[in-house]
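For reference, the structure is listed below as structure tokens.
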Amino acid sequence: MFQIRRIHDDLLPSNRHSIEQVQLLMRDRFPDVLQADIDGLPGKLRDPLKSKLRSLLWVAEGNHGELRGFAYAKHAQDVGLFWLDFISAVRDGRGGIGAALYQRVRESARQLEVPGIFMECLPDEKDQCSSDAAYKENVARMRFYERFGARPIIGTQWQLPLPNADEGDMPPMLVFDDLGQKTVLHPKETQLIADAILLRKYPKICPPEYRKAVVTSFTEDPIRIRAPRYEVDETIANDILKIPKDERIVLFTHASHNIHHVRERGYVESPARITAIKRELDKTELFLDGKVTHAPEAAILAVHDVEMVRFMKKLSESLDDKKAVYPYVFPIRNAARKPKDLETRVGYYCIDTFTPMSKNAWHAARVAADCAYSAARAVVEGAPMAYALVRPPGHHAEYGTYGGFCYLCNAGIAANELAKLGPVVMLDIDYHHGNGQQDIFYKRSDVLTLSIHGDPSFAYPYFCGFAEEIGEGEGEGFNVNYPLPETITVERFLKTVQKALKRAMEHKPVALVISLGLDTAKGDPTGTWSLGAADFEAVGKLIGQAKLPTVVVQEGGYDTKVLGTNARRFFTGLWRGHEI
């Protein structure tokens, strides 16, 4: 058994290990490749704009993470080029790896909306081969690709020998796979693609006069493709390819959120929020359901006071189904003088009068934390993106207090787990300031906290979120607030997101945590801004273009008429920005 996954970068340990195995296999199977090119593979993945060719890597791995094969391609979005560079499987006698890898590459190419896959193959004409063995090998390779519908382009000078080529060298054919799209190639766009291949992939060996001779030879309209010579598998050649599973966003949610339902007039944090979002997400192919695992208590206590956690659990378990406890007295924070009565003590830990403790509040909050923890673990283990679709929300829960509908800081739990691997950025785009994560990480430099929100002079939580709050001690400079006016344009919001992302990249993070508030939408009962569905997609795309392993944790958003649509559009933008 094996699984195939895309490697986006070398930021996570699991990815670094896989890349090292790929480099070993490349040295073994492709001895003519320059050592510097193999050594530079991690940097090419990390810098997608280098040489105007974005590097793409897939690995086939066994159950224990051992490499079974890989595929490596390049993408140039400006000219619509998708170039397959290498594909190889280990020599262990087991078949099917190469075919599975190539089909996986085809799926990705379709998502990039390119005309097809271009590649080079040595000629399968006997008189162009140096030996019978080379001929048989070339025929086998071409037969493999033609099964998928890939065939050589003919009627051009692509096989023109290089000026300094050794006599007897076999110039490769240019092969094209239309991905079952029935693509017709025309001279103008194909010349651009051919020029990009020669200029960006072979800049040191293709002089300008050679490049011009080859590129201008693409004159026939349409460009001719060789007739099928081997057997084509119509089923796979014309398959309608979908988003590959390993490039989907892993979704973590749990039905237990429903048990926490405050049935009071005006209480907007309801189970209908999750239903509205999930209904819209199910209309897409962007998500893959993940298995929620129970977060260890240590993960909770790493970001929250143990006494507060035990208090919430004990009080919640002591209540019956019909009782909800709100604070009615707010004792001065004096650890030596905490009220002994549990219900009186609520005001010691709760910062407002609208976040009740009930029989089910603790259990729902704990399950939400489990989802966020599971999302972080999924990213640690190699998922490019994960989403914790949870309620109650969490970004107002500080180290030792809860409030604002929040009991545990879900995003903080995820960020702390990711921070074990290196620097992490938290970006909060909820309408309200993320005071919880600010408080938890205020004296830490490993987690950079950024929050875009309504100015606390008019917006909850009122007492923090000001621009001058920049962190303390080791954390000085690692907390950044972007308080904005009560009424803003969409353009200003997007520029602020760009500004925050610029600061985020300066932190050189291994991962990004997004506290996703959809209460910035027009008409939300808790906000005053006016973002629409297209704006949320634009925000998502900006964040996705950071190309970082990303965990998204659901926070606010209370207008269920538009909540689902706005979430769907945000994730559409996020996925396209990250993958394309």
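The values are calculated or read from the model by the stated rules, or taken from the named source; none is laboratory data. Bear in mind that the values here come from a model prediction, so they are computed numbers and not experimental data. Because the Cβ atoms are built from the backbone with ideal geometry, glycine has one as well, and the counts that use them run over all protein chains shown.
GLY523 passes every criterion in (1) touching a His at 6+ places or on another chain (Cβ under 7 Å); (2) farther than 26 Å from ALA375 by Cα apart from (1). The helices (runs of 4 or more DSSP H) falling completely within the stretch 174-247 that include 3 or more residues that are in the same structural domain as GLU107 (by TED's automatic domain parsing) and farther than 30 Å from HIS8 by Cα map to 208-215.
Conditions (1) among the basic types (Lys, Arg); (2) free of Cβ contacts under 8 Å to residues at least 12 places away in the same chain, marked per residue:
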position: ARG54; (1), (2): yes, no
position: ASN63; (1), (2): no, no
position: GLY69; (1), (2): no, no
position: GLN77; (1), (2): no, no
position: GLY96; (1), (2): no, yes
position: CYS129; (1), (2): no, no
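Taken over the stretch 529-580, the criterion of being β-branched (Val, Ile, Thr) and within 14 Å of LEU494 (Cα to Cα) is satisfied by VAL539, ILE543. Whether any residue in the stretch 331-341 is buried (at least 16 other Cβ atoms within 10 Å of the Cβ) and in a loop (DSSP other than H, G, I, E, B) is what I want to check. The answer is no; no qualifying residue exists. Pairs linking a residue in the stretch 256-269 that is among the aromatic types (Phe, Trp, Tyr) to a residue that is assigned to a loop (DSSP other than H, G, I, E, B) and modelled with pLDDT of 80 or more, with Cβ atoms under 9 Å and 6 or more positions apart or on different chains, are TYR267/PHE354; TYR267/PRO356; TYR267/PHE405.
Restricting the search to helices (runs of 4 or more DSSP H) fully inside the stretch 1-115 and requiring at least 1 residues that are of a type in the set (S, T, N, Q) gives 13-29, 35-39, 97-111. For the stretch 383-408, taking the residues that are within 19 Å of LEU315 (Cα to Cα) and among the hydrophobic types (A, V, I, L, M, F, W, C), the one that is surrounded by the most Cβ atoms within 10 Å (Cβ to Cβ) is identified as ALA397.
Collect the residues in the stretch 216-258 that are more than 30 Å from the chain's Cα centre (by Cα) and either at pLDDT below 90 or within 30 Å of TYR326 (Cβ to Cβ) (or both), keeping them in residue-number order. GLU231, VAL232, ASP233, GLU234, THR235, listed by residue number.
Within the stretch 285-295, the set of residues being under 13 Å from VAL250 (Cα atoms) and assigned to a loop (DSSP other than H, G, I, E, B) comprises GLU285, LEU286, GLY290, LYS291, VAL292.
Could you tell me which numbered condition HIS257 fails, if it satisfies all but one of (1) over 25 Å from ASN416 (Cβ atoms); (2) outside any loop (DSSP other than H, G, I, E, B)? Unmet condition: (1).
In the stretch 295-315, the residues that are within 20 Å of SER374 (Cα to Cα) form Cβ pairs under 7 Å with partners that are part of a helix (DSSP H, G or I) and among the aromatic types (Phe, Trp, Tyr), at six or more places apart or across chains, as follows: ALA295/TYR373; ALA299/TYR373. Among the residues of the stretch 417-450, the one identified as of a type in the set (Ser, Thr, Tyr), under 22 Å from LEU542 (Cβ atoms) and without any contact (Cβ under 8 Å) to a residue 60 or more places away in the chain is THR449. Of the numbered criteria (1) assigned by TED's automatic domain parsing to the domain that holds LEU548; (2) at pLDDT 95 or above, the one HIS261 fails is (2). Checking the structure you have, find out if any residue of the stretch 437-459 is more than 28 Å from the chain's Cα centre (by Cα) and aromatic (Phe, Trp, Tyr). Looking through the stretch 437-459, at least one residue is more than 28 Å from the chain's Cα centre (by Cα) and aromatic (Phe, Trp, Tyr). Looking across the stretch 94-144, the residues that are within 35 Å of the chain's Cα centre (by Cα) and either outside the structural domain of LYS74 (by TED's automatic domain parsing) or farther than 20 Å from ASP178 by Cα (or both) come down to ARG94, GLY95, GLY96, ILE97.
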